[in-house]
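Below: one structure, written as structure tokens.
The values are calculated or read from the model by the stated rules, or taken from the named source; none is laboratory data. The shown structure was predicted, so the numbers you read here are calculated from the model rather than taken from an experiment. Glycine also receives a Cβ, built like all others from the backbone with ideal geometry; neighbour counts cover every protein chain displayed. Areas reflect the complete protein model, heavy atoms only, side chains present, ligands, DNA and RNA absent. Shrake-Rupley method; radii C 1.70, N 1.55, O 1.52, S 1.80 Å.
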Amino acid sequence: MTKTTLALTSAAALFAALGAAPAMAQTTDWTGPYIGLYGGATQENGQEDERLRFDRNLDGNYGDTVSLAAGGDAFSPGYCGGGANGNSQPQGCDDDGDNAMAGVRLGYDYQLGAFVIGAVADYGVGSQEDSVTGFSTTPANYTFVRKLESLAAVRARLGYAWGPALAYVTGGYASGKIENGFYTSNGANTFTTRIDDDKADGYQMGGGVEYRLAPNLSVTGEYLYTSLDAGDHVIRVGPGTAPATNPFILAPNTTGTDMIRSNSKFGMHAVNIGMSYRF
């Protein structure tokens, strides 16, 4: 069973548990504002075929090959998702681990018969990572890391109420703050950050069940998927102490090579539990 399947199964089980309580008469009124806390587990949704891309002639186009002096691709050993376990590709990478996020939310609902429409804004902090590593023939490893430090979202909610329970779907705008990192075992070249854009914008969507425990207190179980377009993180590989035959500075361009990761998307699954106070 994959991590994604496990997360979805866990969310479905949580929703079923929340909705399994005995039905009550339709007396619960969901209209009004609320404030709450939430927290849960997160899992990155990485791109399995991600790789590194290179601008060998520094013209702004990242479609070049870093070639060896004798010919051939200096990154022919390949790539893998996660952080490197060693300098060579057969040693592979560690998977980006699952993590957690917690935050606060504020919302307003309006009930029309059994249907409930509303809006919710939330802000959370966490440390979910998304990494990719390339391996050169040296051998050496080159790892780019994105870490989502905080996430804000504004979403619409559409729900159906029965008894003390409210089942809903939700979706809207999301914006995150990204911490970019770069690590390498190459000690000969220099590695300078040229562009480090820490903002990422996109969308968030999902669904859940909210259950009224008391007139002013409710508990929520939900699944959310977040997709963000991360900003550029460009590394300039310079000469350092490398010889003139070094693939990054091989003539005719001896200045260096710009390097980025191929995937600009940051995807994340989250299964949350929340508690809200309703006014």
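In region 157-178, is there at least one residue being open to solvent by less than 60 Å² (accessible area, probe 1.4 Å), modelled with pLDDT under 95 and not β-branched (Val, Ile, Thr)? Yes, the conditions are met somewhere in region 157-178. Show the residue pairs meeting these rules: Cβ distance below 8 Å; 6+ apart or different chains; first residue within region 34-52 and closer than 21 Å to Arg105 by Cβ and in contact (Cβ under 8 Å) with a residue 24 or more places away in the chain; second residue open to solvent by less than 30 Å² (accessible area, probe 1.4 Å) and not in a strand (DSSP E or B). These pairs meet every condition: Ala41/Ala7; Gln43/Ala7.
In region 254-269, which residue that is open to solvent by 10 Å² or more (accessible area, probe 1.4 Å) and modelled with pLDDT of 95 or more is farthest from Arg212 (Cα to Cα)? Before the answer, list the steps.
Of region 254-269, the ones open to solvent by 10 Å² or more (accessible area, probe 1.4 Å) are 254-255, 260-265, 269.
If we keep only those that are modelled with pLDDT of 95 or more too, we end up with 254-255, 260-262, 269.
On the way: Thr254: 67, Thr255: 64, Ile260: 48, Arg261: 46, Ser262: 46, His269: 25 Å.
Among residues in region 254-269 that are open to solvent by 10 Å² or more (accessible area, probe 1.4 Å) and modelled with pLDDT of 95 or more, the one farthest from Arg212 (Cα to Cα) is Thr254.
Can you say whether Asp96 is assigned to a loop (DSSP other than H, G, I, E, B) and surrounded by fewer than 16 Cβ atoms within 10 Å (Cβ to Cβ), as far as the supplied structure shows? The answer is no for Asp96. The conditions of being in a strand (DSSP E or B), of a type in the set (A, V, I, L, M, F, W, C) and crowded, with 21+ Cβ neighbours inside 10 Å are met by Leu151.
Counting just the residues of region 34-76 that are closer than 13 Å to Leu250 by Cβ and assigned to a strand (DSSP E or B), which one comes out least open to solvent (accessible area, probe 1.4 Å)?
Going through region 34-76, the residues closer than 13 Å to Leu250 by Cβ turn out to be 54, 56-57, 64-74.
Subset that is assigned to a strand (DSSP E or B): 54, 64, 67, 73.
Working: Phe54: 5, Asp64: 47, Ser67: 46, Asp73: 56 Å².
The selected residue is Phe54.
Checking the structure you have, find out if any residue of region 189-196 is closer than 24 Å to Leu58 by Cα and basic (Lys, Arg).
The first filter runs over region 189-196 and keeps only residues closer than 24 Å to Leu58 by Cα, leaving 189-196.
Okay, now just the ones that are also basic (Lys, Arg), so 194.
Looking for residues that are closer than 24 Å to Leu58 by Cα and basic (Lys, Arg), one finds at least one in region 189-196, hence yes.
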